[in-house]
Amino acid sequence: MDNFMLWTIFLYTALCFSIYQGQEIQEFPPTFLKVSKNLPLQRLLVEWDVSDFAHKFELEMVFDIQVSRTEEMNVVWTEYYNTTLSKLKKTLHWSWDSELPLECMSHSVRIRSMVNDERFSKLWSRWSQWETVLGLDTSDDNTPYIFPEDKVVEEGSNVTFCCIGGKDSRIEYLLFNYTDYYYPDSNTSQQNMVITMKKVLHAEVPGIPVFCKISGKENKKYSATLLFVGKPPYEPEDISCDTRDIKTLTCTWNPGKNTYLYGAHSTKYHLFERFSQKTFCYQETAHYLEPIHCSWAIDQQMIYNLTLTAQNPLGKRSANFVLDVAHRVHPYPPSDLSVEHMKATEVSLYWRMQPKYKAIKLLCQIENRHPSGQVELHNSSPVQSNSYPHLTLGGLQPFTYYNFRMRCGAASHFWKWSEWSKTLRVRTNEAAPSGKLDVWREVTPVLGGRNVTLFWKPLPDFRANGGDISFEITWEKLKKASELEHISISALQNSTTISIDNHSYKISVAARNNINSSLPSVMIISRATDNGAEEKVDRTDLEEERVNGTVDGIYISWKATNAFDGYIVDWCNFPRSQHCDFQWKRFDFNTSSCFIKSAAFMPGVRYNFRVYGSLANEDFFLGKKVGYTKELAPRLNPQGEIAEMTSHTVTVTWDSYPVNESQPGFIRGYHVYVKTMEEECSLKGSAKHALSDGSVLCKYTIENPEEKRYVVKDLMPETTYALAVKAYTGGGETPIDAYINVDTLHDSKIYLPVLLVIIPFVVITAVCFWKIKWVKDCCYPEIPNPNKSQVLSFNGLKLNSEAVLKLSDCIPDTVVLENTSEANTLQLRSHGTILESESKVINPSWVYFIQNEVGNLMCTQSAPEACTSFENLAYSSQTALGSSLYQNLWMSEKSEPQLSILLYQPQHYIEILSEDTVTSLREITEREGSLRYISQMEVPRSEAKLSDLPHFTEPIEHSSYKIQTVLGSELVTSTSDEGIQSQDSSTSSNSTALLLPGRH
């Protein structure tokens, strides 16, 4: 036996030495490799071992582990596993969680090792053989599958699904949550399909459905699974444990936020007590918003160390706390609350409490809720829970309803109040009214006295303190003994009217109930004067003042003095209604302004406020204020009427337009709008006003609301205008909806200058028409052709006949030259209108036409020369003629009384032949354009008979004849002897020719 032991030791020593010597080539490859899978956890479990020698030396080793899939052995995972071997020869273990369900594909594992020791060389051993666990992809089963099945994942994770079609089947598509379709890759086998969903989100319903559509030889099939997406559990919140009766302990907590996992995957809670090592309850979340309760019976243990754990498939959370039961007492609410010993101002309350079997000291609190909503809390002294305690409350109002309720809590180590008890409603007893009424009045003068309307309302400190309220009103004269008058008014009324005479009166108003009356409120009505008005009261002669208003109310101010102990402001909430809801408000003596607010105030309504000063129950009128909360534009437009109109002005009036309280604002003035046909504003003194449609009006502003007449000036005559009158307030004015059309008159002044021109023209025209012949001969003589003139031909002229002299028959018979001292030579040319003179005419020559026995005129001459005929001298120089175109016609008789001699004296023609006026032919030719023709076609009084010519018994030296261009319509005039004598001297020096028509 000893030899055997020695031999063994020798061999072990030799082996160790040989190992130490050959450490550089020593390897310890893995052995006994075994691979399995945990499908619920989708985990590969790997086991292996190494040689015993490695365990004996407790070597530190490194193992290189590889995981592969599919037949091609694609490596999907590599990991280095470090461990130190043990002499106990324990098997080595390693695990790997697969993202791809292990059922989908076959997985293989191989391992190699390396000694991580300085005594050995660091060389990897050879790889072990692949150890494979098969998946369903290698099965010959025709059943389709989809994996993972009903997997629970955390929100935001990546999930890989695989679909296995089975033998002789083909996958068409994979459907995720009824919305997303995925199709297999055409380059891969269509019997298996793998798809990865990234960052999946939770669904509002439990489980997201996933379908795999598979088609085979026989029929089409579906394979489906559910994916549960949620969150790990949250730490429990608001953990609270207490006892109500020292018998049972109850813990309550809130589960926290929603994990979106329900049913079998919902969060589970369990409460573990460390001292007793007991688990008191298991609870499951019904809804994340509902608190969770856990209760258990209390034995002798009073202190607990508790751990509350919340767990679901994605994780777990815990919370620890310690409690003392004596410090966690939460009593039940009091019961049987009642009232005893009730008075007008106090009550006594009684109640019962729990627990009764184990008395503890409780502190109770009473809530007193007033009718106004005010809440008072009263605490009682500590009482035993098994007693019948009570509490007396004072300071209450008589005849008032109160609501009482109670709650209690532990007097020692207070934890929390119990719930409130049931409410008890109590009414206190009656008492006499307290406080005073606020009384005001309105005085109206009537025949023989006054009517006083009294108003009252309770002051803030007034209390009726009972039922059957009525108001007692009494009044009496102040300065004269009189009987006290009295009336009683129902509580349903707050006003009444009494009649008094003109004396001063004292009026009292008090409230009365079944117990007694309140203190009276007194006011004094001053004496009235003979005309019925009150002295020193309601001075209506004061001018009203406008006040400013806002949407919330109206601001009023007055001048405060030391003469009064207070002020009163009254008004009507509805001034346009018969029942105006009369209101008033009192203010202290040092107040000089107020802001009146009322829910009844409406925009566009004028409110009247009267301010009074109060002194010793007597009131004095200080002033009247009027205002609006908000002024609106006038509802009614002024009815404009045209009062007066001229060619340049239009006067418009609107006398009937009211400016009183019926208006929705203070009438500040008026706007007169004028619209022209051109729709442009050019009227002087107006402002342009543009309408919404782009047209422009002329606007005139009248700032005086009492002025209801306006004259629009500077208008155009006989022009159409459209006028509109609008009233405006602080709220503006309404749009223009109607116009007054007006046509201005014609302007007579425009026609005055025209009339001043036309009337004389008409008069002159009438005169000229009346004397048309004369005007024509003076201004526009007929100009005949001298070459065709037959003025010297008197053919057809007959004496004592009714025939009218014809111009064509006017042919001169003879020409008699008289008093010719020297020969004259005249060369007359009619066609060329040229006159040449060979000699000067020194003395005038006269030509006489003498009627013979037959009736013909004979030409005689002063000289024995024969009569010479000459052509008509029709033209003469206008310059030589000048302005005197008169010619003289003389008629003389020598020896025969019946012989009339007609002499024609062409004065200006003879001037042409005189020495001073003879011009050369050249000069006359140059002035040919200025020659004026003097007509000789018409014989004076062509319609006169020759026998009608006047005859004188005595010879007449001269007879004057004026040319027709100057004489007008009467071309032949007879003059008296005086006229002839006056003309003789002026014409004696001029040569004269007598031309008379003769018969041939």
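Pop the C-beta distance of Glu367 and Leu39 into the FRET formula with R0 = 51 Å and round what comes out to the nearest 0.05. Spell out each step's value before the answer.
Details: r = 65 Å, r/R0 = 1.27.
Plugging the Cβ-Cβ distance into 1/(1 + (r/R0)^6) gives 0.20.
Can you tell me the dipole magnitude for the stretch 26-76 around its Cα centre, using point charges on the Cβ only (Lys, Arg +1; Asp, Glu -1), in Debye to the nearest 20? Don't skip to the answer; put the middle values down first.
Details: 5 positive and 9 negative charges, 69 e Å.
Rounded to the nearest 20 debye, it is 340 debye.
Under a point-charge model restricted to the Cβ atoms of Lys and Arg (+1) and Asp and Glu (-1), what is the dipole moment magnitude of the stretch 531-658 relative to its Cα centre, in debye to the nearest 20? Walk me through the numbers before you get to the answer.
On the way: 14 positive and 18 negative charges, 99 e Å.
The calculated dipole for the stretch 531-658 is roughly 480 debye.
Pairs to check: Lys34/Lys151; Lys457/Lys625; Lys479/Lys585; Lys457/Lys585. Give those whose C-alpha atoms are more than 18 Å from each other in this structure.
Details: Lys34/Lys151 27 Å; Lys457/Lys625 24 Å; Lys479/Lys585 29 Å; Lys457/Lys585 11 Å.
Distance filter (> 18 Å) returns Lys34/Lys151; Lys457/Lys625; Lys479/Lys585.
Cross-link list Lys630/Lys699; Lys675/Lys713; Lys231/Lys316: which exceed 19 angstrom alpha carbon to alpha carbon?
Details: Lys630/Lys699 26 Å; Lys675/Lys713 13 Å; Lys231/Lys316 11 Å.
Pairs exceeding the cut-off: Lys630/Lys699.
Say R0 is 35 Å: what FRET efficiency, to the nearest 0.05, do Thr250 and His341 get from their beta-carbon distance?
Numbers: r = 39 Å, r/R0 = 1.12.
According to the calculation, E is roughly 0.35.
At what distance in nm do the modelled label points of Ala690 and Ile740 sit from each other, each positioned 7 Å from its Cα along Cα→Cβ?
2.9 nm
Per 0.36 nm of contour for each residue apart, how much would the distance between Thr196 and Val62 grow if the chain were fully extended, relative to their Cα-Cα spacing?
Numbers: separation 134, 0.36 × 134 = 48.24 nm, distance 3.33 nm.
This chain segment gains 44.9 nm when fully extended.
Show me, for the stretch 32-38, the HN-Hα J-couplings you get by feeding each phi into the Karplus relation (A = 6.51, B = -1.76, C = 1.60, θ = phi - 60°), rounded to Hz, glycine and proline as x.
6, 6, 9, 10, 9, 9, 10
Can you sort Asp238, Asp52 by solvent-accessible area, 1.4 Å probe, largest first?
Working: Asp238 110, Asp52 70 Å².
Correct descending sequence by accessible area is Asp238, Asp52.
Place a point 7 Å from Cα of Trp127 in the direction of its Cβ. Which residues in the stretch 79-102 have their backbone N less than 18 Å from it?
From the stretch 79-102, the list is 79-81.
Return the long-range amide H neighbours of Lys343 (sequence gap of 5 or more, or a different chain), with a cut-off of under 5 Å between placed amide H atoms.
Asn429
Quick check: residue separation of Leu226 and Asp581 times 0.36 nm, minus the Cα distance between them. What number comes out in nm? Before the final figure, lay out the partial values.
Values: separation 355, 0.36 × 355 = 127.80 nm, distance 7.54 nm.
Computed gain between Leu226 and Asp581 is 120.3 nm.
For the stretch 602-616, take each phi angle, set θ = phi - 60°, evaluate the Karplus expression 6.51 cos²θ - 1.76 cosθ + 1.60, and give the result in whole Hz per residue in order, putting x for glycine and proline.
So the Karplus estimates, Gly and Pro as x, are 10, x, x, 10, 8, 10, 9, 10, 10, 10, 10, x, 10, 8, 6 Hz.
May I ask you to derive the FRET efficiency for Thr31 and Lys278 from their Cβ-Cβ distance with R0 = 60 Å, giving the value to the nearest 0.05? The partial results should precede the final answer.
Values: r = 49 Å, r/R0 = 0.81.
Approximately 0.75, to the nearest 0.05.
In the stretch 258-351, carbon and sulfur make up what percent of the accessible area (probe 1.4 Å)?
Percent of accessible area from carbon and sulfur atoms in the stretch 258-351: 50.
Expressed as a whole percentage, what fraction of the accessible surface of the stretch 593-642 belongs to carbon and sulfur atoms when a 1.4 Å probe is rolled over the protein heavy atoms? Let's see the in-between values first.
Details: 1130 of 2160 Å².
The C+S portion of the solvent-accessible surface of the stretch 593-642 is 52 percent.
Multiplying the sequence separation of Ala766 and Ile469 by 0.36 nm and subtracting their Cα-Cα distance, what value in nm do you get?
On the way: separation 297, 0.36 × 297 = 106.92 nm, distance 10.87 nm.
Computed gain between Ala766 and Ile469 is 96.0 nm.
Label-point separation (nm) for Arg119 and Glu641, each offset 7 Å from Cα along Cα-to-Cβ?
Computed distance between label sites Arg119 and Glu641 equals 13.9 nm.
Calculate the spin-label point distance for Val711 paired with His486, positioning each point 7 Å from the Cα along the beta-carbon direction, and give it in nanometres.
Modelled inter-label distance: 7.4 nm.
The values are calculated or read from the model by the stated rules, or taken from the named source; none is laboratory data. Since this is a predicted model, take the numbers as computed values, not measurements. Cβ coordinates were reconstructed from backbone atoms using ideal geometry, including for glycine residues, and neighbour counts include every protein chain displayed. We work out accessible area using only protein heavy atoms, side chains counted, and drop any ligands, DNA or RNA first. Shrake-Rupley method; radii C 1.70, N 1.55, O 1.52, S 1.80 Å.
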